[in-house]
Number of protein chains: 2
Amino acid sequence: MSETQVKFLLGEQEIPTHWVNLMADLPGDAPPPLHPGTKEPAGPDDLTPIFPMGLILQEVSAQPEVEIPEPVRGVYRLWRPTPLYRARRLERELDTPAHIYYKYEGGSAPGSHKPNTAVAQAYENAAAGIKKLTTETGAGQWGSALAFACSLFGLGCEVWMVGSSYDQKPYRRSMMETWGATVHRSPSDVTEAGRSQSTHPTGSLGIAISEAVEVAAQNPDTNYSLGSVLNHVLLHQTVIGQEALAQMAAAGEEPDVVVACVGGGSNFGGLTFPFLRRVIRDGANTRFVAAEPAACPTLTRGVYAYDFGDTVGLTPLMPMFTLGHDFVPPPVHAGGLRYHGDSPLVCALVKAGLVEARAYRQNATFEAAVRFARAEGIIPAPEPAHAIRAVIDEAEAAREAGEARVILFGLCGHGHFDLSAYDAFLAGKLEDPEFSEDDVQAALAALPEAPSLA
Amino acid sequence: MSETQVKFLLGEQEIPTHWVNLMADLPGDAPPPLHPGTKEPAGPDDLTPIFPMGLILQEVSAQPEVEIPEPVRGVYRLWRPTPLYRARRLERELDTPAHIYYKYEGGSAPGSHKPNTAVAQAYENAAAGIKKLTTETGAGQWGSALAFACSLFGLGCEVWMVGSSYDQKPYRRSMMETWGATVHRSPSDVTEAGRSQSTHPTGSLGIAISEAVEVAAQNPDTNYSLGSVLNHVLLHQTVIGQEALAQMAAAGEEPDVVVACVGGGSNFGGLTFPFLRRVIRDGANTRFVAAEPAACPTLTRGVYAYDFGDTVGLTPLMPMFTLGHDFVPPPVHAGGLRYHGDSPLVCALVKAGLVEARAYRQNATFEAAVRFARAEGIIPAPEPAHAIRAVIDEAEAAREAGEARVILFGLCGHGHFDLSAYDAFLAGKLEDPEFSEDDVQAALAALPEAPSLA
C-alpha cells in the first residue's frame, strides 16, 4: 500500500509581499561589477540601454527587502503558492531516518521556477513603456517562461535559441510560438552578431546573448531580459524560499541542510536566500549544498575572478567563480546548468564558506531522478535531478549516522521536455561526459585583465 | 497591464470523501450491458476474470455515493484539490459579459484527470492481491496515468500502445517506462491477438485492448484496467465536479452552462455528474454541453444501440451512441476522443435530453486553444480544446444576448506532449479531416444483433 501524501499548502494571501535582497546581509563588501571597457565599477547608467530603471534599481538595491508590485503578485496567483511535499515514499525506499522535504515549482505553465522572474521583468518593462523583450535560450526553459510572461503583459517577445537546441527540441520552440513569441535559430541572419558567427552553425549561448543584446540596444522600445545570474533575477526568485520557510514552520521542522541545483544561480538563490539570511542574522545551524554537473563544475573547479558573463565579451565583468568565458561545457542534458560562470551573490557565499558545492556525473544524476520518479510520482527535470542526487547521498549519510536529519531541496521543474534523456538513460545509452581540463586551462588563460579577487 | 489572477483553492480536508454515483439518480431504467455470447444481461461474475470485486461492486452499485478508500485519498493529496480559475483575461479578450471559470486537472504528474481513476483502480487491485495490471493506450495519457498509479502501489504495469502512436510519441512511452512500466508496441508478438494481427502494423485501440485483456484473462495475478467508458471509471472522476461545486460556491456563482469534452466520457462525467445530480434532484436550470471532434462525432451523428466496446468484439454489449465498433476515426490529434462509442451513462443523459452534444473541426479547435493559451497562460491538450471552442461560442452568444452568463468548463489536461500539433497549426499545416459517411454506414451495418433501444 502507498503512503498518504504529506503536503503543505498555503493560502493565496500567503504569497510573499516582498522579495528578500540578500545583498543587504552579505558578509563583507561584495566586489562591484566592472565596466568591460574602463574596468571601473559599472553603475546604473551603464545598464539603461537594455534594462528599465525599475529593474536597475532592484539590481543595485541595498534594502533588505523589495516590495513586490501588486500586478506581479496578481499573476503569481496563477500557480503560487507552490506546494511543499514531504517525500515519505522516498524516505521509505531509502530506508533512512532522514525527513526529506521538497518545494515543487514545476506547476507553473512553463514548467519551472523561471516565470517568478519572467513575470516581474515583463511587468517592469511594460510599466516603462517598452513594447518588446529579447532574450536567448538554451534548452528552452527560460525562453518559454519569458514568452509566457510577455503574452500576459501584452509585450512582444523575440528569442534567439541556440541552434543545436532549436534542432533537437522543437517542442520548446513550439511552446514559445504558441504563446506568441518569435523564435530565431541562433546564429541567425537578422543580426550583425549572428551573421558574423555563421561559421558556427550549431550556435552557443554566448552567440545567442550577443544577438538578443544587439537588437535590444538598437531599438529604443525594445529591452533585453536575462533569466539568471544577476542580482535582480535572484531577488525575484526568493518567493520560493519565503514560502518554504512558512511551510517548514507548518511542518514543525527546521532543515538541517538545504539543497538546490545551481547553473546561473537563480533556483539556488531563490530557495536558499531566505534561509541563508536567517543563518547570517541569527547564526542558525543550517548547511547549504549547491549541486552542479561534473561536466560544468563552475563552483567546484573554477577560479574566483572577474570574467565576462557572455562568450563574446559584451557584458560587464562580474566577480564570480568561472571556468573561463571561452569554456564550452560538454553537452549534458541539464542545459540550464551549462554555464561557465555563476551568480556573483552565490559565488560570494561559496567564497565565504556559507555554501558548499558538489559536482555530480550525468548517469548518477539520472539514476537518482528515476528513483525519485518511481517513489514520488513526479518526473524531475535533469537540472534538479542534481539536487536529488545530493539529497540521496545526504539521506544515506543520515542513515549511517542514525540521525533523523531534516533535508529540504528545490524541485525547480518537471522533465516533460527531457524524456529523450530518460529514454537514453533507461536504455543504458546515456553519455557521461567529464569536462576537459585542457579546455578549462585554455579558457582560464583567456580571462580578461582585471583586479585580482584573491 | 495584466489582470490579477482569480483562483479558488480548497484545503486538503476538502478533497471529497465520497464519489458521486449518478446511476442512482438517472431518470428511467438504464438498459443493462449484455453478455456478448448469450445476449443476456451481464452480471458481476462475467467480469471477475479481469476486474477485482471491489471495482465490480462499484460498477454495478445502486448507492448514490461510494466512500473513497482512505489510501486513495492519501494519494489524491499529491495533486488534489485542483484549482478553479476564473478566465478574466480570456473574458477581456473576447469582450464578453460572460463569467468564464475552468477547473484545471493538468497539475497531476501524468498531466491529466486520468490518475483520479488510475489510483483508485491500482488501490483496489493491490488490495485484492493482484500483482500486475495490463492496459492499452492510444496517445499515451491513460497509459501514463496507470504507470504512475502502479508505481505508487507497487504493482507491475504492462501497456500495449497503438503502433502508430508508439512510433510518433516516444516521450509518452519514455514517461511510462520512467515509472517502471513495460510498454509493448501493438500489435506485439507476445500475445495470440497481437500475432494474429501482424498484418496491421500500425495497430489500433481495438487490437491493443485485445492484447491487454488476453494477458489479464490468462494470468490469475494479473488484471486489466480501463481508463474510461465504464461506470466505475466515471464514478472515480466525480472528485472533479464535487470540488468544482464547492469552488463555484466560494466564487458566489451558479453556472448557467457546464462544458466538457467527451471521448469515452470520463472527463465529461467527472465534471458534470455532481452538477447533473443537482439538476435531476432540484430542477436547477443548468445546461450541459458535450464537445466532441467532428472527425469522430459519436454523440452528434451516431446511433443509440447495443455495440461492443472494442473492435474485436470481446467485451459485453453496451447501450450507447456508437458509430459502429468497426469504425476507425481519421487521425486527429485529440487521440483521447477517437472512440467509436461512449460511456453508457453519458449516452443515457444525451438520450434523455439532459446533455446537448456539439462537434468541432480540428482547426477551429486549435484556433481556440491558441487563443486560450495566449490569454490564460496554460497550453491545453487537444481534447479539452474542444471544450474551449464551445466555451468561446457560448461567450460570444452571451455578448450578443448582453447577458452575464456563467460558464464553467473542464480543462482536463495540458498539451506538453501535443506541441507538434500546435506547431502544425501555427504553420498552417494542420489537417482538418471529416469522418467518412461511407465508413460509418459500413460500421453501422456491422452492429451486433441485440435488442433494440429505440
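The values are calculated or read from the model by the stated rules, or taken from the named source; none is laboratory data. Everything numeric in this text was worked out from a predicted model, so none of it was measured. Cβ coordinates were reconstructed from backbone atoms using ideal geometry, including for glycine residues, and neighbour counts include every protein chain displayed. Note: areas computed on protein heavy atoms with side chains; ligands, DNA, RNA excluded. Shrake-Rupley method; radii C 1.70, N 1.55, O 1.52, S 1.80 Å.
Remarks
- Average Cα contact separation per residue, region A:196-280, under 8 Å, 6 or more apart, as relative contact order %: 28
- When the square roots of the Cα gyration tensor eigenvalues are ordered a ≥ b ≥ c, the ratio a/c for the protein assembly as shown is 1.5 or more and a/b exceeds b/c, which makes its shape prolate.
- Over region B:1-105, accessible surface divided per residue gives 42 Å², non-protein components excluded, 1.4 Å probe.
- Plainly put, the tip 7 Å out from Cα toward Cβ on residue B:67 is 5.3 nm from that tip on each other copy, the closest given first.
- At an R0 of 51 angstrom, the distance between the Cβ atoms of residue B:95 and residue B:48 translates into a FRET efficiency of 0.35.
- Nm distances between copies for residue B:252, ranked from closest, using label points 7 Å along Cα→Cβ: 3.7
- Among the protein heavy atoms, those of residue A:399 account for about 90 Å² of accessible surface (1.4 Å probe, every chain in place).
- Inter-chain neighbour count for A:168-177: the average number of beta-carbon atoms from partner chains within 10 Å of each residue's beta-carbon is 4.
- Modelled label positions at residue A:287 and residue A:35, each set 7 Å beyond Cα in the direction of Cβ, lie 4.5 nm from each other.
- Solvent accessible area, Å² - residue B:403, 1.4 Å probe, full protein context: 90
- Here is how far apart the residue B:41 label points are across copies: 8.7 nm, shortest first, using a point 7 Å from Cα toward Cβ.
- Full-stretch length increase - residue A:128, residue A:364 - with 0.36 nm per residue and alpha-carbon distance subtracted: 80.4 nm
- Taking 7 Å steps out from each Cα toward its Cβ at residue A:404 and residue A:4 produces label points 1.7 nm apart.
- Distant-in-sequence amide H partners of residue B:288 (H built 1.01 Å from N, under 5 Å): B:258, B:356
- 15 Å beta-carbon shell around residue A:335, net charge (K/R +1, D/E -1): -1
- Accessible surface comparison of A:195, B:358, probe 1.4 Å, protein chains only, largest first: the order is A:195, B:358.
- Estimated vicinal HN-Hα couplings, Hz - region B:88-102 in sequence order (Karplus 6.51, -1.76, 1.60; Gly, Pro = x): 4, 5, 5, 4, 5, 4, 8, 6, 10, x, 5, 9, 10, 10, 9
- Take each residue in A:70-77, count the other chain C-beta atoms within 10 Å of its C-beta, and the mean is 4.
- Percent RCO, i.e. relative contact order, over region B:321-403, from Cα pairs under 8 Å lying at least 6 residues apart: 24
- Förster radius 60 Å - calculated FRET efficiency between residue B:62 and residue A:396 (Cβ-Cβ, nearest 0.05): 0.70
- Descending semi-axes in whole angstrom, ellipsoid equivalent of chain A, from the Cα gyration tensor: 31, 24, 23
- Candidate residues A:79, A:160: accessible-area rank, largest first, probe 1.4 Å: A:79, A:160
- Between region B:246-280 and region B:385-427, the Cα center-to-center distance that results, in Å: 16
- Counted over chain A, the DSSP beta bridges are approximately 35% antiparallel.
- The mean sequence separation of alpha-carbon pairs under 8 Å and at least six residues apart, normalised by the residue count of chain A, gives a relative contact order of 19 percent.
- Unpartnered cysteines - no second Cys beta carbon under 4.7 Å - across chain B: B:261, B:296, B:347, B:412
- Mean accessible surface per residue for region A:201-281, computed with a 1.4 Å probe while every protein chain stays in place, in Å²: 24
- Distance between the 7 Å Cα→Cβ label points at residue A:437 and residue A:199: 3.1 nm.
- When both bridge partners sit in the protein assembly as shown, DSSP labels roughly 35% of those beta bridges antiparallel.
- Buried accessible surface for the B/A pair, both sides summed and rounded to the nearest 100, is 4300 Å² with a 1.4 Å probe.
- Hydrodynamic radius (Kirkwood) for region A:340-385, which is based on Cα pairs only, to one decimal in Å: 12.5
- Percent accessible area from carbon and sulfur atoms, region B:1-117, protein chains only, probe 1.4 Å: 51
- Where chain A is rotated onto chain B, the residue of A whose Cβ comes nearest the axis, and that gap in whole Å, is A:416, 2.
- FRET efficiency, 1/(1 + (r/R0)^6) with R0 35 Å, evaluated for residue B:70 and residue B:189 via beta carbons: 0.25
- Principal-axis analysis of the Cα atoms of chain B puts helix B:205-218 at an angle of about 50° to the longest axis.
- Accessible-area composition of region A:220-339, carbon plus sulfur, in percent [1.4 Å probe]: 52
- Among the protein heavy atoms, those of residue B:412 account for about 10 Å² of accessible surface (1.4 Å probe, every chain in place).
- The local environment of residue B:89, defined by Cβ-Cβ distances under 15 Å, has a net charge of +2 under the rule Lys, Arg +1 and Asp, Glu -1.
- Under-5 Å amide H pairs with residue B:381, H placed in peptide plane, nonlocal only: B:413, B:414, B:415
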